[in-house]
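The values are calculated or read from the model by the stated rules, or taken from the named source; none is laboratory data. Remember, it's a predicted structure, so these values are computed and weren't measured experimentally. Note that we place each Cβ from the backbone using ideal geometry, even for glycine, and neighbour counts take in every protein chain shown. Accessible surface areas use protein heavy atoms only, side chains included; no ligands, DNA or RNA. Shrake-Rupley method; radii C 1.70, N 1.55, O 1.52, S 1.80 Å.
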Amino acid sequence: TTRNCVPMLVSMDPAYGPMVGGTLVTIRGNFLGNTTHNLSIFFNDLQQDLISVSDTVVVFRTVSDNTSSQQTPQLKLHWNAINSTLNTQATFSYMVNPILNASRA
C-alpha cells in the first residue's frame, strides 16, 4: 500500500512586516519536508530566504518588496525535488517601512 503524505499548513506567524524585508516568519504544519526536498517559499512569485525546514516547522526571512504600495501576497510552498507546489490561503501584509527618529535627551 502506498501512502501519500499531503503537506498541510496549520499557522503562519507573523502575518505582516515592513516592505524593506527582514521579517522572520514561522510556518507550522505537517509533512512540510526536510532539507532533501529542496523547499522554496514564495509570496506570489517573489522567492523568500529559507532559514530552516523540518517536517513540522519552516522558518524564512522575507525579502524586500520593491513595489511602491502595500501588498498582501499569498504564501506558496514549492518542493523542487518532487516538483510539487502548495498554494495556500495564508497571506502576508507588507506594511510601510517604519521611520525611526533618533533624539538626544
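With charges set only on the Cβ (+1 for Lys and Arg, -1 for Asp and Glu), what does the dipole of the chain come to about its Cα centre, in debye to the nearest 20?
120
Scan around Gln48 for amide H atoms under 5 Å from its own, H built in the peptide plane at 1.01 Å from N, and keep only partners 5 or more places away or cross-chain.
Ile41, Phe42, Phe43
Take the alpha-carbon positions of the chain, form their convex hull, and give its projected area averaged over all directions (one quarter of the hull surface) in nm².
In nm², the orientation-averaged hull projection of the chain is 8.2.
Using a 1.4 Å probe, what is the accessible area per residue for region 8-93, in Å²?
Solvent-accessible surface per residue comes out at 54 Å².
In the chain, with Lys and Arg counted as +1 and Asp and Glu as -1 at Cβ, which of these residues, Pro73, Met12, Ser103, has the Cα nearest the positive end of the dipole, that is, farthest along it?
Checked the options; the winner is Ser103.
Pull up all non-local amide H partners of Ala90: gap of 5 or more, or a different chain, and H-to-H distance under 5 Å with H placed in the peptide plane.
Residues meeting the criterion, in which the H sits 1.01 Å from N, are Leu75.
Once phi is turned into θ = phi - 60°, what whole-Hz ³J(HN,Hα) does the Karplus curve with 6.51, -1.76 and 1.60 give for every residue of region 25-41, x standing for Gly and Pro?
10, 10, 9, 10, x, 10, 6, 7, x, 8, 5, 6, 7, 6, 6, 10, 10
Give me the percent of the accessible area of region 8-93 that comes from carbon and sulfur atoms, probe 1.4 Å, all protein chains in place.
Roughly 48 percent of what the probe reaches on region 8-93 is carbon or sulfur.
With a Förster radius of 30 Å, plug the Cβ-Cβ distance of Asn101 and Asp49 into 1/(1 + (r/R0)^6) and report the FRET value to the nearest 0.05.
Calculated transfer efficiency: 0.55.
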